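Down below is the structure, laid out as structure tokens.
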Amino acid sequence: DSGVTQTPKHLITATGQRVTLRCSPRSGDLSVYWYQQSLDQGLQFLIQYYNGEERAKGNILERFSAQQFPDLHSELNLSSLELGDSALYFCASSASGTGAREAFFGQGTRLTVV
Amino acid sequence: GQQLNQSPQSMFIQEGEDVSMNCTSSSIFNTWLWYKQDPGEGPVLLIALYKAGELTSNGRLTAQFGITRKDSFLNISASIPSDVGIYFCAGQLRNNDMRFGAGTRLTVKP
């Protein structure tokens with residue numbers, strides 16, 4: 001158990017809909033990272049938050065947004081969903097705001113868009 | 001330029017054999033991380049490297065941070081069936097962005 005909790009584990013929704021994925025970092029970790037993994041593909045970095053503020057941005061679509069709340073949990077919002085958005089979405093947390101270093105991953109949320 | 005090239009893409013080996021995989025880039029990275037992902041699970045950190053030239057071991061795993069800071073390798077010695085999975089390298093850029101390699105899918109035949 002990495003200590004990073006993601007909910008829900010599975011999500012099935014229709015095209016055009018909007019979903020919210022949630023991540024609770026390890027206790028004491030200030031940084032949260034979001035990654036997308038399509039079937040049998042590598043991990044694509046989406047976005048990083050540190051102590052409530054956006055820190056780094058990867059290849060995140062404009063239809064996607066994220067935020068980190070005062071209690072340090074984070075949410076990834078995916079809107080106007082398309083079939084190609086079906087993927088595993090992972091969050092990771094680390095203590096340092098200067099980079100992932102020892103980043104620990106959650107179990108992921110499997111999103112299926114039908 | 002900031003992409004990581006991880007090779008090989010897949011490996012099929014016999015139990016007991018040694019394994020080597022690497023990641024290269026044209027960019028300089030401040031940190032190199034190696035992860036293993038089992039099916040349906042999140043990646044688990046195996047080894048973290050922070051300095052150019054650093055060589056670090058974790059059991060049967062050994063990884064090195066390349067001198068040029070543009071590459072890293074991971075070796076697994078005396079492979080066993082539970083080594084099966086996808087191994088990812090990850091590099092941290094100066095702007096704190098992380099880049100992941102495409103992964104090496106390892107199959108170990110008993």
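Structure summary
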quantity: Failed condition for B:Asn75, given (1) more than 11 Å from the chain's Cα centre (by Cα); (2) touching a residue at least 24 places away in the same chain (Cβ under 8 Å); calculated: (1)
quantity: Given (1) under 27 Å from A:Ala14 (Cα atoms); (2) away from chain B (no Cβ under 11 Å), number of the condition A:Cys91 does not satisfy; calculated: (2)
quantity: Candidates B:Met21, B:Met11, filtered to the one that is surrounded by 15 or more Cβ atoms within 10 Å (Cβ to Cβ), within 28 Å of A:Ser38 (Cα to Cα) and out of contact with any Cys (no Cβ under 9 Å at 6 or more places or on another chain); calculated: B:Met11
quantity: Answer from A:Gln6, A:Gln48 - the residue that is at pLDDT below 95 and within 23 Å of B:Gly103 (Cβ to Cβ); calculated: A:Gln48
quantity: Among (1) free of Cβ contacts under 8 Å to residues at least 60 places away in the same chain; (2) in contact with a Lys or Arg (Cβ under 6 Å, 6 or more places away or on another chain), the one test that A:Ser86 misses; calculated: (2)
quantity: Residue within segment A:14-28 that is within 11 Å of another protein chain (Cβ to nearest Cβ), among the aliphatic types (A, V, I, L, M) and in contact with an Asp or Glu (Cβ under 8 Å, 6 or more places away or on another chain) present; calculated: no
quantity: The one condition in (1) open to solvent by 10 Å² or more (accessible area, probe 1.4 Å); (2) outside any loop (DSSP other than H, G, I, E, B); (3) at the interface with chain B (Cβ under 10 Å from one of its Cβ atoms) that A:Gln107 fails to fulfil; calculated: (2)
quantity: Count - residues of segment B:34-71 that are more than 21 Å from B:Ser7 (Cβ to Cβ) and touching a Pro at 6+ places or on another chain (Cβ under 6 Å); calculated: 0
quantity: Residue in segment A:59-66 that is within 11 Å of chain B (Cβ to nearest Cβ), polar (S, T, N, Q) and farther than 20 Å from A:Leu83 by Cβ present; calculated: no
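The values are calculated or read from the model by the stated rules, or taken from the named source; none is laboratory data. This is a predicted model, so every value here is computed, not measured. Please note: Cβ atoms are built from the backbone with ideal geometry, for glycine as well, and neighbour counts cover all protein chains shown. In case anyone asks, the SASA skips ligands and DNA or RNA and just uses the protein heavy atoms, side chains included. Shrake-Rupley method; radii C 1.70, N 1.55, O 1.52, S 1.80 Å.
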